[in-house]
Amino acid sequence: MSRIATRFAALKVQGRGALIPFLEAFDPDRETAMAILRGMPAAGADLIEIGVPFTDPMADGPTVQKAGQRGLKAGATLAGALGMVREFRQGDTDTPVILMGYFNPILSYGVARFCAEASEAGVDGLIVVDVPPEEADELAPEATANGLDLIRLVAPTTDEARLPKVLSATTGFVYYVAITGITGTRSASTADLAAAIPRIRRFTDLPIAIGFGVRSPEQAAEASRIADGAVVASALIEGLVASLDPQGRATPASVPAVLDRVRDLAEAVRKG
């Protein structure tokens, strides 16, 4: 089994959902981002999602957009993000890592080359926001050949005619976008989530993680209880931003500011 499948299976035995924290590569610099990445498993991360900065991040709200801009300013590239995963794997061979980004950098890098190097670096899954199943002919075969899960987004607007098509092209887990819109702008209601997740489960046995709008420990616990995991991004980035100096540079408080929030989220998820 893949690392992703192994981790979700272990959590199912434990009777709880997954905490999936997000960080943007190179935000606000490589060293700080690397320290946060290394510290996340001990802080309670079950899987980790790494954003690859891109100049036109259509799905990202203002908080993640600004994180990407800081990352690009610090020199982030697709190769640089892979380098972070490679370095992370020197000390952690168990925690699943997912890269989230857009297709243009992958196309520029070379799809076959990217998938091979991502697998070699220790990446487990890909979320490529702007590649729907109908347009995945170039990416999907290379990802599959290199053992990379392709994690698809399902939205509240994904109807039952389309759900089977999207889910049949999904491996690893399903990423349920809890709101219509961009990341970090608002949250879904418990009633909406409680109605949406069973609808998805009718078409797949894969775990379902809820993201886009999960901010607080209480919301993370609720999402992981209703589904199989909670993805938290903007709230962690906001904690990082609050720790930066007036020039936007990391301070000694920056790494603890993020990891302390991960601990709070993990504690809530574990209590259910």
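More than 15 Å from residue 99 (Cα to Cα), within 17 Å of the chain's Cα centre (by Cα) and without any contact (Cβ under 8 Å) to a residue 60 or more places away in the chain, is that true of residue 38? The answer is yes for residue 38. Within segment 100-132, the set of residues being over 19 Å from the mean Cα position of the chain (by Cα) and either of a type in the set (Gly, Ala, Ser) or closer than 23 Å to residue 158 by Cβ (or both) comprises 108, 110, 112, 116. Within 15 Å of the chain's Cα centre (by Cα), more than 17 Å from residue 146 (Cα to Cα) and assigned to a strand (DSSP E or B), is that true of residue 50? In short, yes.
When 106, 151 are checked against the criterion of being touching a residue at least 12 places away in the same chain (Cβ under 8 Å) and within 30 Å of residue 13 (Cβ to Cβ), a single residue qualifies: 151.
Residues in segment 118-139 that are crowded, with 19+ Cβ neighbours inside 10 Å and free of Cβ contacts under 8 Å to residues at least 60 places away in the same chain: 118, 121, 122, 123, 126, 128, 131, 139. Criterion applied to 155, 145 was being surrounded by fewer than 19 Cβ atoms within 10 Å (Cβ to Cβ), within 19 Å of the chain's Cα centre (by Cα) and at negative phi, and the one residue passing it is 155. Taken together, 35, 45, 5, 9 contain a single residue that is at pLDDT 95 or above and assigned to a loop (DSSP other than H, G, I, E, B), which is 45.
Is there any pair linking a residue in segment 55-67 that is free of Cβ contacts under 8 Å to residues at least 12 places away in the same chain to one that is buried (at least 17 other Cβ atoms within 10 Å of the Cβ), with Cβ under 7 Å and at least six apart or on different chains, and which? The qualifying pairs are 65/57.
The values are calculated or read from the model by the stated rules, or taken from the named source; none is laboratory data. Since we're looking at a predicted model, the values are computed, not measured. For neighbour counting, all protein chains shown are included, and Cβ atoms are generated from backbone atoms with ideal geometry for every residue, glycine included.
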